[in-house]
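The values are calculated or read from the model by the stated rules, or taken from the named source; none is laboratory data. None of these values were measured; they are calculated from a predicted model. Here the Cβ positions follow ideal geometry from the backbone for every residue, glycine too, while neighbour counts run over all protein chains shown. What goes into the accessible areas is simple: the full protein's heavy atoms, side chains included, and nothing from ligands, DNA or RNA. Shrake-Rupley method; radii C 1.70, N 1.55, O 1.52, S 1.80 Å.
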Amino acid sequence: MRPDELTDRLFEREIRALLTSIISWSNRLDKVGPYINVKQKAFANNGPVSCPLASELWGCWEYARGTGAKPENMKDIIQSLLELLWEPVAAHSYEIPASWWETPLGTMVQLCKAREKFDAGVPLNAGETGLIVGLKGSRIRQMCIQGKIKASKEKRKKSSQAQWIIPQEEVEKLKSTTPN
């Protein structure tokens, strides 16, 4: 998914689906007791859905697609989203299914993290570069192998495999020449 595919309409669809799930979970939790209550917020007719969670996620969505500033509490917002979606009640840890990272919200989270590194001037790996410029990570790796992108190989922190590391200048150059 490219940054330009993160549209307002897609955001609203994702938030509506998320809120529908939350309401469903809340209905199940009603059986626990009267102390748990999630009230449904009104939906806006135009633009993003109106609720605190949507407002916070909207800032991340805009940052991910490159149309807004980085939210001050972006890491907390992302952590809250991941816990809401994947941490079972009364659990202390959770596991995120690999397939979730291909969804619009999963892509938003990955883009936020990649853009944060990019904005800080930190070199990016092929997958992060692909997210920023709107290409597949495999295409970026292929371009590195072909010498079309000046990059170096570096050992991964948690693996013996090497990965391509692309300097900021190369990402900028690629970003300016890649049509979205």
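Using mean Cβ contacts within 10 Å as the protection proxy, how do 67-80, 156-169, 110-123 order, highest first?
110-123, 67-80, 156-169
Provide the per residue accessible area, probe 1.4 Å, for the chain, rounded to a whole number of square angstrom. Mind showing how you got there, number by number?
Values: 11050 Å² over 180 residues.
That works out to 61 Å² per residue.
Go through LYS70/LYS173; LYS113/LYS155; LYS70/LYS117; LYS150/LYS175; LYS150/LYS173 and tell me which ones have a Cα-Cα distance over 18 Å in this structure.
The pairs that break the limit, which is 18 Å between Cα atoms, are LYS70/LYS173; LYS113/LYS155.
For the chain, build the charge dipole from Cβ charges (+1 Lys, Arg; -1 Asp, Glu) around the Cα centre, then report which of LEU131, TRP25, ILE78 sits farthest towards its positive end.
Of LEU131, TRP25, ILE78, it is LEU131.
Using heavy-atom solvent-accessible surface (probe 1.4 Å) with all chains present, what is the largest-first order of SER138, SER176?
Sorted descending by solvent-accessible area, the residues read SER176, SER138.
Enter the angle in degrees (range 0 to 90, nearest 10) between the Cα long axis of helix 104-119 and the first principal axis of the Cα atoms of the chain, meaning the one along which they spread out most.
Its long axis makes an angle of about 50 degrees.
Suppose every K and R has +1 on its Cβ and every D and E has -1 on its Cβ; what is the size of the dipole of the chain about the Cα centre, in Debye to the nearest 20? Before the final figure, lay out each step's value.
On the way: 26 positive and 21 negative charges, 126 e Å.
Roughly 600 debye, rounded to the nearest 20.
Choose one of GLN142, TRP58, GLY106: the residue whose Cα lies farthest towards the positive end of the charge dipole of the chain (beta-carbon charges +1 Lys, Arg; -1 Asp, Glu; about the Cα centre).
So the residue we want is GLN142.
Given the DSSP H assignment, sum -39500 (n - 2.57) over each helix run of at least 4 residues in the chain and divide by its residue total; what's the result at 222 nm in deg cm²/dmol, nearest 500?
-16000 deg cm²/dmol
Within segment 136-180, which residues have the backbone N less than 20 Å from the label spot 7 Å out from ARG9 along Cα→beta-carbon, could you tell me?
180
Rounded to the nearest 20 debye, what is the charge dipole size of segment 141-180 about its Cα centre when +1 sits on each Lys and Arg Cβ and -1 on each Asp and Glu Cβ?
260
Would you kindly give the portion of the calculated P(r) for the chain that falls above 25 Å, as a percent of all Cα pairs?
The proportion of pairs with Cα distances above 25 Å equals 42 percent.
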